[in-house]
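Trainee: Mind looking over this structure? Questions follow.
The values are calculated or read from the model by the stated rules, or taken from the named source; none is laboratory data. Just so we're clear, the structure is a prediction, and the values are computed from it rather than from any experiment. All Cβ positions, glycine included, derive from the backbone under ideal geometry; neighbour counts span all protein chains shown.
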Amino acid sequence: MKDQFLSVEKLAVGYGKTTIVKNIQFGLNEGELCGVVGINGIGKSTLLRTLARLQPKLQGEISIRQNKLTALSSQELAKNISVVLTDPIATRNLTVLELIALGRQPYTNWMGRLNANDVTKINECLQLFQIEALKGKKCYELSDGQLQRVLIARAMAQDTPIIMLDEPTTHLDLYHKVHIVKLLKDLAHDFGKTILFTSHEIELAIQLCDKILILDGAENPFGTTAELIDKGSFTRLFPHEVVQFDPNSGTFKISK
């Protein structure tokens, strides 16, 4: 774990004195896409918020480049981790261009003035995500799929080595779910980003992720899809009498 870019050791997360899930341990390298999956209420969003230091950990350590997450200043944190949450954005009256420009805040001066490099980064993100035609639109005018792309573009504009997303495919149809996860995979592989996202789309994660963390409230297995299938980790995820995992196809089937 010590040589990993993002390292998590013996982590417990929750609220106050209430532990939701513990014994979380995994490590990610630069350029890897990792999906965090599990049943409802197991603690996926709580884990992501803890990894992003939006709430305190209960036990264990989180490190970036062997530096403890708790030791980073707010400015250093903003230059290392960008986050896309499911919370409704309070800035839906902003234009797409204005929202993406917010990603440059960690680098602007105290007046928030954009320099030439900031403008270049913003324009690169507009082109990369193919949303130049949307830049003048208000965020409330966008479809769910368009807004999700814009939010990821804002995270990309922040230019952090780590991007974390909570349920980025929620409310999207199958085509747009696949489009978003493939986009995240391209960002990880082509730009060397370490990307971690929570999801209920387990079969999609199985097909596209480099690594998967399964929160099961016990062992919380982590590894490649092949490793997890070999260990039977997906088979134990749901009650057999309801859903069964087919290791040959990598899909879940309803029990008859």
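Trainee: Which of the residues that make up segment 60-84 are of a type outside the set (Val, Ile, Thr) and touching a Ser or Thr at 6+ places or on another chain (Cβ under 8 Å)? If you could, list the steps in order and put the result at the bottom.
Mentor: First pass over segment 60-84, keeping only residues of a type outside the set (Val, Ile, Thr): 60-61, 63, 65-69, 71-80, 82.
Within segment 60-84, Glu61, Ser63, Gln66, Leu69, Ala78, Lys79, Asn80, Ser82 meet the criteria.
Trainee: Every residue in segment 109-140 that is closer than 13 Å to Ala153 by Cβ, of a type in the set (D, E, K, R) and not in a loop (DSSP other than H, G, I, E, B), please.
Mentor: Answer for segment 109-140, where residues must be closer than 13 Å to Ala153 by Cβ, of a type in the set (D, E, K, R) and not in a loop (DSSP other than H, G, I, E, B): Lys121, Glu124, Glu132.
Trainee: May I pose another question? Can you tell me which residue within segment 232-256, out of those that are charged (D, E, K, R) and exposed (fewer than 10 other Cβ atoms within 10 Å of the Cβ), is nearest to His200 (Cα to Cα)? Even if it seems obvious, please write down each step before you answer.
Mentor: Looking only at segment 232-256, we keep the residues that are charged (D, E, K, R), and these are 236, 241, 246, 253, 256.
Now restrict to residues that are exposed (fewer than 10 other Cβ atoms within 10 Å of the Cβ): 241, 256.
Details: Glu241: 20, Lys256: 22 Å.
Among those that are charged (D, E, K, R) and exposed (fewer than 10 other Cβ atoms within 10 Å of the Cβ), it is Glu241.
Trainee: Then there's this: I need a count of the residues in segment 76-108 that are farther than 20 Å from His171 by Cβ and not in a loop (DSSP other than H, G, I, E, B).
Mentor: Of the residues in that region, 16 qualify.
Trainee: With respect to Leu151, determine if the residue is outside the structural domain of Glu203 (by TED's automatic domain parsing), part of a helix (DSSP H, G or I) and either among the aromatic types (Phe, Trp, Tyr) or within 16 Å of Thr91 (Cβ to Cβ) (or both). Step through it out loud before you land on a result.
Mentor: Numbers: outside the structural domain of Glu203 (by TED's automatic domain parsing): yes; part of a helix (DSSP H, G or I): yes; either among the aromatic types (Phe, Trp, Tyr) or within 16 Å of Thr91 (Cβ to Cβ) (or both): yes.
Yes.
Trainee: Follow-up question, since we're still on this one. Name the pairs: first residue in segment 49-70 and basic (Lys, Arg), second residue assigned to a helix (DSSP H, G or I), Cβ to Cβ under 7 Å, at least 6 apart or on different chains?
Mentor: Arg53/Leu69; Arg53/Leu77; Lys57/Thr50
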